[in-house]
Each structure stands twice: as C-alpha cells, then as structure tokens.
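There's a structure below that I have some questions on.
Read-outs throughout are calculated quantities, based only on the coordinates presented, and are distinct from any laboratory measurement. None of the values given here were measured: they were computed from a predicted structure. No Cβ is skipped: glycine too gets one built from the backbone with ideal geometry, and neighbour counts run over all protein chains shown.
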C-alpha cells in the first residue's frame, strides 16, 4: 500500500464513528485469524512451550483470537494518535506510580524504560511521552519504509523520538549523559551474539543486556513500564519501581542479574494475563528453533 493510499484509508476510517472504526478493526482481526494458519500455529507453539502444554485447546483458541485483535488495535491506536489531542488521550489513559520516575530524577539520574509488546504498546509509548517525559524509543528498521514513516510519525506525536537499532549504543549514552529518557523493548528475538541468557517463562532465552549495561556504567535507572485494559476503552499505564543494578567487582555478573530481574518482571505480567502478550512473534526462534518445526 502506497503512502497516499494509506492516508486515504486513514482519512476514511477517522471520519467514521469511534464504534464503527473499532468494529472495522475487529473484523480485520477475524479475517486475519481465519486466514492465517501460519500465525495461528505460531501462537499455539509459543503457548504450548511457555506453559508446558498445560493450556486447554479452548484457552489457546481464545488467546490466539485476542492476539490478532490486539495487533489490529495497536494499528488502530497508531492511526488515532495522529489525530487526537493530549487532553483526549488523558481521558483514555490513567498513569499509575509516576512517583517512581520522580524519585530517580530527584537524584539527577536518567531513566531507561524497559517494556514489551504487551496490550496496547503503541498507546503506552505515546502516553509515557505525553504524561511522564519524552522518550527516545529504540526500534528495528522495517522492510516497508512507507509504513515505517507513517508509524514513526504517529509515535512521535506527543514528544517522543525514535532511534534505529543499528549502532544505537552511542546515541543512548549521549541521552543518558543529558539526563534524557530512552525506551528499550526486551521481548524481541535477538541472535546468539547479542545479550545474555536468562530464565524467561521458565525457559532459557537470550535477552538484550543493553539496559543493564548502560544503567550500571552511567548510573541510570531501569524502570519497567507496561499498559493494560479491562474494557478496551480505558487503559492504565503502569510504571513499576526501579530495577536496581548491582555494582560489584564482577561486571558481567551484575549485568546478568539485572537482566534476569527484567525477565522476571516480564514473566510475572505475562503469567498473570497471558492474552495481552504478542504471541504471534516467534520469540524463541534463535534459542529454541525446533519448537517452530512441523
């Protein structure tokens, strides 16, 4: 889809009543669910592996359907973010535990937010920038550059900026030294040359160690953040207390422990409400590729 066509679709959808626009994306999610055997299978493989084959077929089906709907809702939220005001966003999103960030800033330290593809991550990122502080979010370059331009424009609507993942460490260091915030996803698949092995969902997996490395070296604070909803209309942006990074003579062990604590946090929120996580992603494809084989 060309950029002009995307903008025309956006204009049409934004002219619709909110309920009609939402129903349109629910319908697209249903079409995606029934037509994509490949991704239904990926969700099943992920869930069976993460939960040791303890989920019933009914539970897996319900989570799979919600995974498609949640992905389309994130697209819808990106579209809406390009048009709504900060006041309208405030009516939709409530922020809890902003005090965790304020405590860090009183100490003169920068924040590294760690987050994941959980619930409406696009709405969460925008709300963090709008109501807490502007964040430079690390992203992976997309193959579809037209969609990437549209997406990054939506993400920067309320003061956030975007940092492409390639050679991102130096820009992150510069931000920390300036006392500015950055945001790093910790739930994406990475190759075996990156990160450290942690225990996530009871399984060994490689996770980025960049937040722990930067926090330890430059005295920044790692603060987890996520978003959730009960009714898909009103959302809660949940800021968690700082994950402390040890500072001993063993740098590698300090980084390992702090990265494990991040994995523990993510495991806890996914275990509590598994439907919100992005099960369509082959998270274990580098560390456990066999689970995705037929």
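I need the calculated FRET efficiency for the pair residue 56 and residue 92, taking r as the beta carbon distance and R₀ as 41 Å, to the nearest 0.05. Don't skip to the end; give the middle numbers.
Numbers: r = 34 Å, r/R0 = 0.82.
Plugging the Cβ-Cβ distance into 1/(1 + (r/R0)^6) gives 0.75.
Hey, what D do you get for segment 1-49 in µm²/s if you plug the Kirkwood alpha-carbon radius into Stokes-Einstein at 20 °C and 1.002 mPa s?
Answer from the Stokes-Einstein relation: 166 µm²/s.
Can you sort 99, 133 from fewest to most other Cβ atoms within 10 Å of each residue's own Cβ? Intermediate results must be reported in sequence, preceding the final value.
On the way: 99 10, 133 19.
Fewest-to-most Cβ neighbours within 10 Å comes out as 99, 133.
Using Cα pairs under 8 angstrom and six or more residues apart, how large is the relative contact order of the chain, in percent? Each step should come with its number before you reach the end.
Values: 453 pairs, mean separation 69.6, N = 294.
Here the relative contact order equals 24 percent.
Return the equivalent ellipsoid semi-axes of segment 139-283 as a descending list in whole Å, where each equals the square root of 5 times an eigenvalue of the C-alpha gyration tensor. Display every interim value, and only then the final one.
Values: eigenvalues 116, 87, 56 Å².
In descending order, the three semi-axes are 24, 21, 17 Å.
Kirkwood hydrodynamic radius, segment 202-261, all distinct C-alpha pairs: what's the number in Å?
Details: mean 1/r = 0.0758 Å⁻¹.
Kirkwood radius, segment 202-261: 13.2 Å.
Measure of size requested: the Rg and Dmax of segment 1-130, with Cα atoms as the atom set and Å as the unit; please supply both.
When restricted to the Cα atoms of segment 1-130, Rg and Dmax are 18.4, 52 Å.
May I ask you to derive the FRET efficiency for residue 19 and residue 167 from their Cβ-Cβ distance with R0 = 45 Å, giving the value to the nearest 0.05? Please list the in-between numbers first.
Working: r = 45 Å, r/R0 = 0.99.
Step by step, r from the Cβ atoms, then E = 0.50.
Taking other Cβ within 10 Å of each residue's Cβ, how do 286, 116 sort, fewest first? Mind dumping the intermediate values first?
Values: 286 16, 116 22.
Final ranking by Cβ density, sparse to dense: 286, 116.
Cα atoms only, the chain: Rg and Dmax in Å?
Computed over the Cα atoms of the chain, radius of gyration and Dmax are 19.1, 60 Å.
Where the centroid of each part is defined by its Cα atoms, how far is segment 26-68 from segment 229-269 in Å?
Taking the Cα centre of segment 229-269 as reference, the centre of segment 26-68 is 26 Å away.
While we're here: Extension gain residue 38-residue 144, at 0.36 nm per residue separation less the Cα-Cα distance, in nm? Could the numbers behind the result be given before it?
Values: separation 106, 0.36 × 106 = 38.16 nm, distance 2.07 nm.
Here the answer is 36.1 nm.
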